[in-house]
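Please treat every number below as a calculation from the coordinates, not as lab data. None of the values given here were measured: they were computed from a predicted structure. Note: ideal-geometry Cβ built from the backbone for every residue, glycine included; neighbour counts use all protein chains shown.
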Amino acid sequence: MTDPGQPGLELVNLRKHFGGVAALRGVDFTAYGGEVHALLGQNGSGKSTLVKILTGIHDPEDGAELRIWGREIPMPLKAAHEQGIAVIHQDLGLVESMTVLENMGVASSYGTRQFAPFSMRSERRITRELLAELGLDIDPDTLVSELAPATRATVAIARAMRLLREHSERLVFVLDEPTAYLSAEESDLVVALMRKVADQGNAVVFISHRLQEVAVVADHVTVLRDGLVVDSFERADFDHKRVIEAMLGQRLERAYPARPDLPPAADPDHLVVSGLTGERVLGLDCAVAAGEIVGIAGLVGMGQEEVPGLLSGASTAASGTITLAGQDLSKASISDRIAAGVSLVPGNRQRDGVWLEAQAFENLAILPDTTKAALGPRNAGAEMLSAGSMMRAFGVRPPDPEAIAGSFSGGNQQKVVLAKWMSRPVSLLLLDEPTQGIDAGAKFEVLQAVCDAASKGAAVVIASGDYEQLAMICHRVLAMRFGRVTAELSGAQLTEAGIAHAAQLAEADIA
Amino acid sequence: MTNDAPAPASGESGQNLPLPGRAPRRSALRFAERYGLVLILILSFLAFSVLLPETFPTWGNARAMINSQAVVLLLALALTLPLRTGDFDLSIAGTMTASGAVVAQLTTTGTSLVPAIIAALAIGLVVGLLNGFLVVKVGINSFIVTLGMMTALGGLAYAITKSSIIPNIPETVTQLARFKMFGLPSIVWIGWLLVIVFWYVYERTPLGRFLLFIGGSPGASRLAGLKVDRLKIGAFVACSLLASVTGILFAGQVGQLDPSVAGQFLLQPFAAAFLGATVITVGRFNAVGTLIALYLLNIFVTGLQLFGAQPWVSDVFNGCALILAVTFARIAARMSGRA
C-alpha cells in the first residue's frame with residue numbers, strides 16, 4: 001500500500017540534556033518504509049529519551065527535526081497517532097478486564113465522535129478483518145486478561161494499526177521492548193507480526209535487548225551509546241560481537257562469568273525437594289548440591305517460573321516436602337525460610353524486589369534482623385556504611401546509599417536486590433529471570449554474584465527463559481513441560497540449543 | 001568481587017549516564033523542602049503578630065490555639081499509623097466519639113473510672129480488629145470499610161448517650177485532660193509526648209521502617225519476610241486504641257459529651273497528616289511534620305477569625321489545605337524523581 005524504501009521516520013540532530021547531563025548528543029536516525037529497524041543500546045544510551053521524544057513527553061533542544069513520510073512535524077510532538085506514528089511500550093496499555101473487541105475500539109473512540117452512537121457490528125467486522133489481515137487467530141470476545149502475554153502484544157499492535165489508519169495510510173510503529181518479558185518462543189509470534197507489518201510497507205522501529213531476535217527480524221540495525229549513534233549497518237553485516245562491542249564501547253571478552261567448580265566434598269543433598277506441587281508444578285523431585293547451580297527451563301506456562309516462589313514460600317505449595325541442609329522447610333513461613341538461609345530474587349523486580357520510592361540503604365536494610373527488637377533503636381550510620389560497602393561490592397552505580405531506588409537503571413536496581421539478599425549467609429539462592437530487561441554489563445555482574453554465592457557453598461536454582469545464560473553458568477538444567485521435569489541436561493549437553501530443544505519437546509507433543 | 005567483569009558502565013562512559021534524579025541537588029533546596037513548612041509557620045505567626053498586635057501574639061491566644069488543637073493532634077498521630085501502611089482510617093473520629101460517650105455515660109451514672117476506661121478502650125480494640133480484619137483478611141478497600149465504620153460509630157454514640165448531650169462529667173475524668181503542668185493542660189502534654197514517641201518509632205526503629213515499606217511496596221515487604229498482615233492489623237488496632245484514648249481525654253477536656261461532634265473531627269487529622277508529609281521526612285507520613293502542619297493550619301484559621309472572618313472560614317480553609325497538601329506532596333515527589 002506504500003512505497004517501500006521511502007523514509008518513514010526521520011529524526012535529525014536530536015539533542016537533549018537533563019540538568020547538564022547529555023542524554024542525546026545529536027542523533028540522526030532514519031527508518032524506511034518496509035523495513036524493521038532495530039534500535040539497540042544499553043540502559044542509559046539515550047534510547048528511552050529518543051522514545052520519549054517520539055511520544056511527546058520530552059521536547060528536544062533547538063535544531064532538531066522530525067519528519068514522518070517526508071512531512072515536517074513540529075516538536076514537542078502532539079497527538080502522535082494523528083501524525084501516523086504509534087509507540088507501543090512494554091506494558092502495552094491494554095485494559096485487561098475488557099475484551100479484545102472493546103480494547104480495539106477504545107483508543108480510536110470507536111471511529112465516532114464522543115456522543116455519537118457507534119455500531120458494535122461494524123466494530124466487530126473491522127476487528128475481525130484486521131486480525132485476519134495480520135494473520136492473528138484471536139477471538140475478539142476474549143478478555144485480554146485471558147490471553148497469553150505474547151498474544152496481548154499482538155493485540156496491542158493491531159490496535160495501534162486500527163488507530164493509525166484513521167489518520168493515515170502509511171504508518172510508523174515504534175515497539176519499545178515488546179518482547180522483553182516473553183520467552184524466546186513467545187517472542188517469535190511478535191517478531192513474525194513485526195515482519196508482516198513492515199512487509200505491508202510500514203516502517204517499524206524495534207527496540208530490544210535480545211540480539212537473537214534482532215538478528216532474525218531486523219533489516220537494519222542502529223546502535224546508540226552515550227547519546228550518539230555509534231554504529232549502523234544492514235542485516236548482511238549483522239554480527240553479534242560487533243553489536244555488543246558497539247553497545248558496550250569496548251571489546252567484550254567473555255559475556256558470561258566462569259562457571260564455578262563444584263566443590264568435590266559438597267553435600268549432594270543440600271536441597272532435597274520431593275513431590276512439590278503448586279498451581280502448575282506437578283510433583284517436582286530434585287536434589288541440589290551445595291555449590292551447585294541448577295537451571296530450570298521451559299516454555300511459558302510450563303511451571304518453571306513457579307519453582308522459585310514455591311521454594312521460597314512466596315507461593316503456597318499444595319503438597320510436597322522441601323529439606324534444606326537437613327531442616328524441613330515444607331511448611332515454614334517466608335520469614336522462617338529466610339532465617340534458614342533462603343534468598344529469593346523475584347521475577348517482578350519493580351513490584352517485589354525494591355521499593356522504588358525508598359532510598360537504596362532503606363531497601364538494603366529492610367530484611368528484619370531477628371536478633372534485634374523491632375522497637376529497639378536503629379543505627380542509621382551503620383546502615384548507611386554497610387549499604388555503601390554492599391553497593392560497591394555489587395557494582396551498583398552510583399554507589400550512593402541515599403539515592404532513591406527508582407533513580408537507578410534496571411540493572412542497578414537488580415544489583416541492589418541481590419546485595420540485599422546476599423547481605424546474610426545464603427544457603428539456598430533462588431532466582432526468577434534474574435537478568436530480564438537489564439543491560440549486558442549489569443547482566444554479567446548479576447551472574448557473577450550468583451556464581452560467587454555458589455562458590456561460597458549456596459545451592460542455586462535459576463528459572464529462566466534465557467537458555468544461553470542457563471547453558472553458560474549452570475551445572476545442570478532441568479527442562480519442564482506441563483509442570484513435570486522432562487529432561488535433565490549436564491556436561492556436553494548443556495548448550496543453548498540443547499536446552500531449547502529439550503524445552504521444545506513439549507511443543508511438539510502439544511501439536 | 002567483579003574485578004574481572006567487563007564493567008562497561010564503570011569506565012569513562014559511566015560518568016555520562018543520564019541518571020534521572022541523580023543530578024546533584026543543592027543542599028539548600030533540600031533544606032527548603034524539608035523545612036519549608038516550618039518557615040511558613042514562623043513567618044505566618046510573625047505576620048499575624050504584626051497585623052494583629054493586640055490580640056494575636058498573646059500568651060492567652062497561644063494557649064487557646066494549642067488547647068484547641070490537642071484533640072486533633074492525638075487523632076492525627078493515630079491516623080499516621082494506617083496511612084504509613086497504605087490504608088485509610090476514616091473511623092477515628094467515630095471511635096473517639098463513641099469511646100467518649102461510653103466514658104461519659106458510665107461515669108455520670110456512677111461507674112468508677114477504671115471500668116469506664118476499660119469499656120471505652122474495648123470499643124477501640126474491637127473497631128481496630130474489625131477494620132483490620134475486613135481490610136487485610138477479607139480484602140475490602142479501607143476507605144469503604146472505615147467510612148461505614150465511621151457512620152456506624154456515630155450512630156452508636158447517639159445510642160449510648162440516648163441522643164442527648166451528657167453534661168457534668170465527673171472530675172475524675174476531667175482531671176485526666178485538664179491537669180495543669182507549666183500552665184498547659186495534661187491533654188496537650190500527652191500529645192507532645194506522643195509526638196516524641198511516634199517520632200522515635202517512625203524514624204529510629206526497624207518497626208517504623210517496616211510500616212513504611214508495607215505501605216510503599218507490599219510485595220517486597222512480604223518477600224523480605226515481614227508479617228505484612230499482622231503489622232497492618234496492628235496499625236489499625238493501635239490507631240483505634242489511640243482514638244479511644246483521645247475520646248476519653250476529649251470527654252474530660254470539654255466536661256460534657258455531645259454525640260454529634262464526630263463530624264467536626266473527620267477532616268482536620270487528614271489535613272494535618274497529609275500536609276505534615278510534605279515536611280521533615282518529605283513524602284512520608286511523620287510525627288513532627290504532622291504537629292507542624294496542624295499548628296500552621298490553626299495559625300491561619302485563628303488569625304483569619306481574629307480578623308473577623310466567619311466561622312465557616314475554618315472549614316473552607318481546612319478542606320482546601322488538605323487538597324493543597326496532597327497536591328504539593330505530589331509535586332514535591334515529582335521534582336525529586338520519585339514519581
Which distance in Å, rounded to a whole number, links the C-alpha centroids of segment B:126-180 and segment A:138-190? 52 Å
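How big is D, in µm² s⁻¹, for segment B:53-191 by Stokes-Einstein at 20 °C and 1.002 mPa s if Rh is the Kirkwood radius over C-alpha pairs?
128 µm²/s
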What is the sum of charges, Lys and Arg at +1 and Asp and Glu at -1, for the other residues whose Cβ falls under 13 Å from the Cβ of A:Met422? +2
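Report Rg/Rh for segment A:396-511, rounded to two decimals, where Rg is the Cα radius of gyration and Rh the Kirkwood radius.
That ratio equals 1.03.
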In debye, nearest 20, what is the charge dipole magnitude of segment B:40-338 about its Cα centre with +1 on Lys and Arg Cβ and -1 on Asp and Glu Cβ, if you could check? 840 debye
Value of relative contact order over segment B:40-338, rounded to a whole percent, pairs C-alpha under 8 Å and six or more apart: 30 percent
Which one, B:Trp59, B:Gly319, B:Val282, projects farthest toward the positive side of the charge dipole computed for segment B:40-338 from Cβ point charges (K/R +1, D/E -1)? B:Val282
Compute the normalised compactness of segment B:178-313: alpha-carbon radius of gyration over 2.2 N^0.38 Å, N being the residue count. 1.23
tail above 34 Å in the computed P(r) of chain B, as % of all Cα-Cα pairs, reads 30 percent
What does the charge add up to near A:Val12, with Lys and Arg as +1, Asp and Glu as -1, over the other residues with Cβ less than 14 Å from its Cβ? -1
Among B:Thr174, B:Asn141, B:Phe300, the residue whose Cα sits farthest towards the positive end of the charge dipole of the protein assembly as shown (+1 at Cβ of Lys and Arg, -1 at Cβ of Asp and Glu, taken about the Cα centre) is B:Thr174
Amide H contacts of A:Val345 (H built 1.01 Å from N, under 5 Å, at least 5 apart or other chain): A:Leu430, A:Leu431, A:Asp432
Taking the Cα centre of chain A as origin and charging only Cβ (+1 Lys, Arg; -1 Asp, Glu), how large is the dipole, in debye to the nearest 20? 700 debye
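Taking segment B:147-196 on its own, what percent of its Cα-Cα pair distances exceed 14 Å?
In whole percent, the long-distance tail amounts to 68.
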Using alpha-carbon pairs under 8 Å, 6+ residues apart, how would you state the relative contact order of chain A in percent? 15 percent
Answer in debye to the nearest 20: the dipole magnitude of segment A:184-300 about its Cα centre, from +1 Lys/Arg and -1 Asp/Glu charges placed on Cβ, is 320 debye
Other-chain or far-sequence residues with amide H under 5 Å of A:Glu292's (modelled H): A:Val460
Near B:Gly155, within a Cβ-to-Cβ distance under 15 Å, what is the net charge of the other residues, with Lys and Arg +1 and Asp and Glu -1? 0
Out of B:Val195, B:Leu83, A:Ser409 - ranked by how far each Cα lies towards the positive end of the dipole of the protein assembly as shown, with unit charges on the beta-carbon of charged residues - the top one is B:Val195
Rounded to whole Hz and in sequence order, give me ³J(HN,Hα) for segment A:281-295 from the Karplus expression 6.51 cos²θ - 1.76 cosθ + 1.60, θ = phi - 60°, writing x for Gly and Pro. 5, 10, x, 6, 10, 6, 10, 10, 7, 5, x, 9, 10, 10, x
Evaluated at 20 °C and 1.002 mPa s, the Stokes-Einstein D of chain A based on the Kirkwood radius over Cα pairs, in µm²/s, stands at 87 µm²/s
